[in-house]
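Here the structure comes first, spelled out in structure tokens, and everything after it is commentary.
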Amino acid sequence: MSDGAMTPTRTAVLVDFGGVLTSSVLQAFEDFGASLGGDPRLPLTLLSRDDVSKRLLSDHESGKIDQEAFEAGFGERLRAHGAVVDSVGLVDRMQAGLIRDEEMVRLLADVRAVGHPVALVSNAFGRDCYAGFVLEDLADEVVISSEVGIRKPSRQIYTIACERLGVAPEDAVMIDDLQQNLDGAARLGIAGILHTDAESTRRQLASTFGLLPTQ
């Protein structure tokens, strides 16, 4: 088409928060690990491989335990692996390196401006992880794991987001920086974009899915 538009292959967008609308969460956790001395990847390693740490994270993100309970438990796991760390304020320190990604905020505004609904689908981590954002200004619907009691990559949380938007999963695209979360969405028929940067994500939304005009 002469204006660079194309017929959308999908009609709605689901989008992650941390690592998509912010800088990399994985890098922030690694930077925190480096501040402890020793292996900078220790926090990430424990959260992905240590059964106790994985359960603490799952329970916290799904709202079963509060921030203080997670901090107490995860601080103990870090100390058990040689880190010298105070549990109090641990979550805030782990996320201290995160910054808002203004290009991604603009991208979501552009998607909505051309008539495609957006749902934020986020695993909450700590009370203040959304500080500096008005979530309702970013998306038409907001689905937070600790509020619905379900976390990604469970298919149920994507189902809730699609139902709130009034779209079928087959009509949606999920943007996330973690492949495991895209895999969970794919089990419902939701297409995926593995986010690395705003430019690449914008290009895929336009050229692959027709959700934005091509440049």
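Tabulated values for the structure
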| read-out | value |
| --- | --- |
| Among the candidates Val134, Val111, Val88, Val121, residue that is touching a Phe, Trp or Tyr at 6+ places or on another chain (Cβ under 8 Å), farther than 18 Å from Val52 by Cα and either among the hydroxyl-bearing types (Ser, Thr, Tyr) or at pLDDT 95 or above (or both) | Val121 |
| Test: residue in region 180-190 that is touching a residue at least 60 places away in the same chain (Cβ under 8 Å) and within 18 Å of Thr22 (Cβ to Cβ) | yes |
| Which numbered condition Thr201 misses (of (1) open to solvent by 10 Å² or more (accessible area, probe 1.4 Å); (2) within 24 Å of Glu103 (Cα to Cα)) | (1) |
| Identity of the residue in region 154-176, surrounded by 20 or more Cβ atoms within 10 Å (Cβ to Cβ) and of a type outside the set (Val, Ile, Thr), that ends up nearest to His195 (Cα to Cα) | Asp176 |
| Elements of type helices (runs of 4 or more DSSP H) in region 130-215, at least 3 residues being aliphatic (A, V, I, L, M) and at negative phi | 155-165, 179-186, 198-207 |
| Filtered residues of region 68-92 (kept if more than 18 Å from the chain's Cα centre (by Cα), surrounded by 17 or more Cβ atoms within 10 Å (Cβ to Cβ) and under 30 Å from Leu138 (Cα atoms)) | Phe70, Glu71, Leu90 |
| Set Asp128, Asp140: member being in contact with a helix residue (DSSP H, G or I) (Cβ under 7 Å, 6 or more places away or on another chain), farther than 17 Å from Thr22 by Cα, open to solvent by 60 Å² or more (accessible area, probe 1.4 Å) and without any contact (Cβ under 8 Å) to a residue 60 or more places away in the chain | Asp140 |
| Tally, over region 101-125, of residues that are open to solvent by 10 Å² or more (accessible area, probe 1.4 Å), assigned to a helix (DSSP H, G or I) and not charged (D, E, K, R) | 3 |
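The values are calculated or read from the model by the stated rules, or taken from the named source; none is laboratory data. Note that the structure is predicted; figures quoted are calculated from it, not measured. Please note: Cβ atoms are built from the backbone with ideal geometry, for glycine as well, and neighbour counts cover all protein chains shown. What goes into the accessible areas is simple: the full protein's heavy atoms, side chains included, and nothing from ligands, DNA or RNA. Shrake-Rupley method; radii C 1.70, N 1.55, O 1.52, S 1.80 Å.
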